[in-house]
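Structure, as structure tokens:
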There are 2 protein chains.
Amino acid sequence: MAAVEIKEEREVGAKAGGEEEEQIVNPWEVSAKDGGKIDYDKLIDRFGCQRLDQSLVERVERLTSRPAHVFLRRGVFFAHRDFNDILDAYERGDKFYLYTGRGPSSEALHLGHLIPFMFTKYLQDAFKVPLVIQLTDDEKFLWKNLTIEESRRLARENAKDIIACGFDVSKTFIFSDFDYVGGAFYRNMVNVAKRVTYNQAVGIFGFTGEDHIGKVSFPPVQAVPSFPSSFPHLFSGKENLRCLIPCAIDQDPYFRMTRDVAPRIGYHKPALIESSFFPALQGENGKMSASDPNSAIYVTDSAKEIKTKVNRYAFSGGQDSVEKHRQLGANLEVDIPIKYLSFFLDDDVELEHIKKEYGAGRMLTGEVKQRLVEVLTELVERHRRARASVTDEVCILHYALFSIDVHVVN
Amino acid sequence: MAAVEIKEEREVGAKAGGEEEEQIVNPWEVSAKDGGKIDYDKLIDRFGCQRLDQSLVERVERLTSRPAHVFLRRGVFFAHRDFNDILDAYERGDKFYLYTGRGPSSEALHLGHLIPFMFTKYLQDAFKVPLVIQLTDDEKFLWKNLTIEESRRLARENAKDIIACGFDVSKTFIFSDFDYVGGAFYRNMVNVAKRVTYNQAVGIFGFTGEDHIGKVSFPPVQAVPSFPSSFPHLFSGKENLRCLIPCAIDQDPYFRMTRDVAPRIGYHKPALIESSFFPALQGENGKMSASDPNSAIYVTDSAKEIKTKVNRYAFSGGQDSVEKHRQLGANLEVDIPIKYLSFFLDDDVELEHIKKEYGAGRMLTGEVKQRLVEVLTELVERHRRARASVTDEVCILHYALFSIDVHVVN
């Protein structure tokens, strides 16, 4: 049994940093060979996860009696591990809890950072389940040139943006590792660490001998929010609750490791629902980079900045001249405004209309970009208003008081 | 400066587990080649620590206005690192704090386990300083075949034996890692872990790729009680307090690492005062082993058991026959009763008398053993009475309430 487990989770899993690989996807690097696109089908094969197909989307709609989120019905969340088991249990009347997180490495979030939180909010609303959100300020201190205090400050600032996504106050617990790690959480960390050899960690995460031992020590910290017993103030008496983790697929290595260890220490394997990456304005081959503010739309951007960025930097699949465009139409496959609209324009009918008209050359790039600017401006403005209402008091409430209310899981 | 630091603490330091070495001394193994004695002079050279000489002992007596502890004046504690600096600071009127600990791997302690605690009690009384005692139940869980709950239980049981040594209730904080790690303590752990590469950890501790990452993660846990900021409830506002660690010399690798890191993260290097190993009843070449109860005197042994063990198993330097003994005298160098008396018989005059008479053959092994049985029986009986008075309530008081009183350091 154990051998089978390891095979499923690990041998099929990606080796981090292998030179011969066509694409590298791990928590610290996402890149395709020769600057090409990430091949998500290959990633599913290599990681050994499952494709999230249409029948599963329909099952979610049936069970929750509401339309699937845009990110689900348009394949932004495209892969999973054991999501079926979560739905089976849910159908039998068993609840589960959600776990997601963020490494607080920058003060301002961009749209890509919001994706898992927007989707997690939908899952929480649809299934009415508790949620824990881990801010890995310890990870960012370990990997970046940050002080402990700066990492903690970024965690607090990011928490406000996360809270602004509108989670159910009575069911959400947000914590930073530097402030929360201890007690049952620490005991679970040590319990996980005892089951992973250094060689296995190297296989999963690509550590080298020159990496500091802080990096080697970290994976169990991200693993243990998958276990209800790490939150005795939330889940006391419900240690058997299942966990569903919405995240980008670059986090998969952490949870391959977690799923390998879980049954050996008496816990359910956490289920996963995994997203593709949100593209840079410059195109899917480009990278959103904190050092290039023009590569992404930030939630702090003004309406004017959004307009300028979209018009100036959003890679277009339209043709060079209006004449040629009218004749050939846009290449929707590489068009960033279309890609961004497919994330954030909720109206399926309108999106299909735009794609059809634009693809046929009847709609021009400028018109599509203008619609995108409207959609993003509204989104960012709404976020800004929500964030402004997150006072330090509300923030403390989320950090601390949520933990009490969320106790009532069923 | 940094380069010099590393040279002092690390290059001179022992490589753990090197095959070519004549003796292996690290936290998990103490053995001399071909079953010989540990060569402590070589150990001092190899570790790069300093010999604790007579002038230092006399300085302690002057500063504390009391005779030095038996363990100090008879060289049980024989090596140190920067103990002079601690005394310099003390002489200027600066306090320090003591840090010692135990890995709770067994329920019953033997006399060897008591040595650091008996000595630490003396230091606390003589210098009137606060003390933190770490029970590394996480370490024992990681290295032994124990459950987390069993490790925690052993920590609580061992705490009672430690409390029975009679520390100053108002100045002592005892904690188990599984219960205390978190907050500022965890932040210090991560801060240390960031400054030690995996290769360096392998050099210091001899880890292999097949060791689990729990082992690799552990050294910072034992390092950070050296920093006052790990105990904000004790030392708030006194983050600059120096730390003195009494311990057996096999723990030196942890603190070589700690001393290398400390100045790089803004802390004083902890000072050390280090003991030799307490010999097995079978002789200095033997090992006290939990699997052989006859290799050691346990604090739970009855008077009858002590008598039997000493008479039957304590290796004697006396001669085979009374005639030969009267003629040649005992070999005190290998005689365990004499060795044990030199640890536990406080009276210098009587000890010298016994050594002289026994060495000259005028005193017989049986007589020396009888005196040892008296001394040990009294010691163990006293310990047993003290431990019996340590109720769970007192234990909780030590774990929790001490932490409040100890706040008044000066």
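Between the amide H of residue B:283 and those of B:315, distances stay under 5 Å, these residues lying 5 or more places away or on another chain, with hydrogens modeled in the peptide plane.
Region A:225-354 has equivalent-ellipsoid semi-axes of 42, 17, 14 Å, by the square roots of 5 times the alpha carbon gyration tensor eigenvalues, sorted largest first.
The dipole here belongs to the protein assembly as shown: it is taken about the Cα centre, uses +1 on the Cβ of Lys and Arg and -1 on the Cβ of Asp and Glu, and is about 1020 debye. Taking label positions 7 Å along the Cα-Cβ direction at both residue A:41 and residue A:54, the computed distance is 1.7 nm, reported to one decimal. Please give the Cα centre distance for region B:305-331 versus region A:45-83, rounded to the nearest Å. So the separation of the two Cα centres works out to 80 Å.
Averaged across the residues of A:213-225, what count of C-beta atoms belonging to other chains lies within 10 Å of each residue's C-beta? Write down the numbers at each step before the final one.
On the way: counts 19, 11, 4, 8, 12, 4, 2, 3, 3, 0, 0, 0, 0.
For peptide A:213-225, the averaged partner shielding equals 5.
Distances between copies at residue B:74, taken between label points 7 Å from Cα along the C-beta direction, are 8.2 nm in increasing order.
Placing one equal scatterer on every Cα of region A:293-388 and applying the Debye formula, the log10 ratio I(q)/I(0) at q = 0.15 Å⁻¹ is -0.57.
Of A:171/A:307; A:309/A:356; A:42/A:369; A:37/A:128; A:121/B:215; B:304/B:339, which ones are farther than 30 Å apart at the Cα? Beyond 30 Å: A:171/A:307; A:42/A:369; A:37/A:128; A:121/B:215. Normalised by 2.2 N^0.38 Å, with N the number of residues, the alpha-carbon radius of gyration of region A:180-228 equals 1.16.
The largest-to-smallest principal axis extents of the Cα set in the protein assembly as shown are 120, 55, 50 Å. Comparing B:208, B:100, B:258 in a Gaussian network model of chain B, where Cα atoms under 10 Å apart are tied by springs, the biggest mean-square fluctuation is seen for B:208. Reported to the nearest whole Å, the Cα centre-to-centre distance from region A:98-153 to region B:194-245 is 28.
The listed peptides A:355-365, A:259-269, ordered by packing as a protection proxy, come out as A:259-269, A:355-365 (highest mean of other Cβ atoms within 10 Å first).
Probe of 1.4 angstrom, ligands and nucleic acids ignored: what's the accessible area per residue over region B:241-305, in square angstrom? I get 32 Å² per residue for this part.
Between A:354, A:115, A:297, the residue with the greatest mean-square fluctuation in the GNM of chain A (Cα pairs under 10 Å linked by springs) is A:354.
If packing is taken as the average number of other Cβ atoms within 10 Å across a peptide's residues, how do A:184-194, A:64-74 rank, most packed first? Could you put the intermediate results ahead of the total?
Working: A:184-194: 24.4, A:64-74: 16.8.
Result, highest mean first: A:184-194, A:64-74.
Note on residue A:84 and residue A:66: their simple-model spin labels are 2.6 nm apart, each label 7 Å out from Cα toward Cβ. Taking the 1.4 Å solvent-accessible surface of chain A as the whole, the part contributed by carbon and sulfur is 50%. Summed over both chains, the area buried between A and B is near 3000 Å², taken from the accessible surface of protein heavy atoms with a 1.4 Å probe.
The residues of region B:127-159 listed by number as losing at least 40 Å² of accessible area in the complex, against the isolated chain and with a 1.4 Å probe, are B:141, B:148.
Inter-chain neighbour count for A:198-204: the average number of beta-carbon atoms from partner chains within 10 Å of each residue's beta-carbon is 4.
Residue by residue along B:206-212, Cβ atoms of other protein chains within 10 Å of the local Cβ number 4 on average. In a reduced charge model with +1 at each Lys and Arg Cβ and -1 at each Asp and Glu Cβ, chain A shows a dipole moment near 540 debye about its Cα centre.
With contacts taken as Cα pairs under 8 Å at a separation of at least 6 residues, region B:248-401 carries a relative contact order of 19 percent. Kirkwood hydrodynamic radius computed over region A:2-282 comes to 19.2 Å, based on all pairs of distinct alpha carbons.
When the charge dipole of region A:136-209 is built from unit charges on Cβ atoms (+1 for Lys and Arg, -1 for Asp and Glu) and taken about the Cα centre, the candidate among A:196, A:207, A:176 whose Cα reaches farthest toward its positive end is A:196. Across region A:23-37, the residues whose backbone nitrogen lies under 20 Å from the label position 7 Å along the beta-carbon direction of residue A:292 are A:23-26, A:28-37.
Positive-end ranking of A:145, A:336, A:120 along the dipole of chain A, with charges on Cβ about the Cα centre, is headed by A:120. Neighbours of residue A:228 by Cβ distance under 15 Å: Lys/Arg scored +1, Asp/Glu scored -1, total +4. Assuming charge only on the beta carbon of Lys and Arg (+1) and of Asp and Glu (-1), the dipole of region A:30-126 about its Cα centre is about 180 debye to the nearest 20.
Sorted by mean Cβ packing within 10 Å, highest first, what order do the peptides A:148-160, A:298-310, B:25-37 take? Display every interim value, and only then the final one.
Working: A:148-160: 20.0, A:298-310: 17.2, B:25-37: 14.6.
Packing proxy ranking, top to bottom: A:148-160, A:298-310, B:25-37.
For chain B, the relative contact order works out to 20 percent when only alpha carbon pairs closer than 8 Å and six or more residues apart are counted. For the pair residue B:350 and residue B:95, what calculated FRET efficiency results from E = 1/(1 + (r/R0)^6), where r is the Cβ-Cβ distance and R0 = 30 Å, to the nearest 0.05? According to the calculation, E is roughly 0.25.
So what's the back-of-envelope 222 nm ellipticity for chain A, counting only DSSP H runs of four-plus at -39500 (n - 2.57) apiece and dividing by all residues, rounded to 500? Present the calculation step by step, with values, prior to reporting the outcome.
On the way: 22 runs with 196 residues, N = 410.
That comes out to -13500 deg cm²/dmol.
Measuring from each Cβ of chain A to the axis that turns chain A onto chain B, the shortest distance belongs to A:182, 1 (residue, then whole Å). Taking B:102, B:92, B:59 as the candidate residues, the one with maximal mean-square fluctuation in a Gaussian network model of chain B, Cα springs under 10 Å, is B:92.
Figure note: B:295, A:291, B:170, B:217 ranked by solvent-accessible area, largest first, 1.4 Å probe, ligands and nucleic acids not counted: A:291, B:170, B:217, B:295. Each copy carries a label point for residue B:209 at 7 Å from Cα toward Cβ; from one copy, the others' points are 1.1 nm away, ordered from shortest. Counting from the shortest, the label point at residue A:42, 7 Å from Cα toward Cβ, is 5.7 nm from the same position in each remaining copy.
The values are calculated or read from the model by the stated rules, or taken from the named source; none is laboratory data. What you see is a predicted model, and the numbers here were worked out from it, not measured in a lab. Virtual Cβ from ideal backbone geometry, glycine too; neighbours counted across all protein chains shown. For the accessible areas, the whole protein counts, side chains as well, though only heavy atoms, and no ligand, DNA or RNA atoms are used. Shrake-Rupley method; radii C 1.70, N 1.55, O 1.52, S 1.80 Å.
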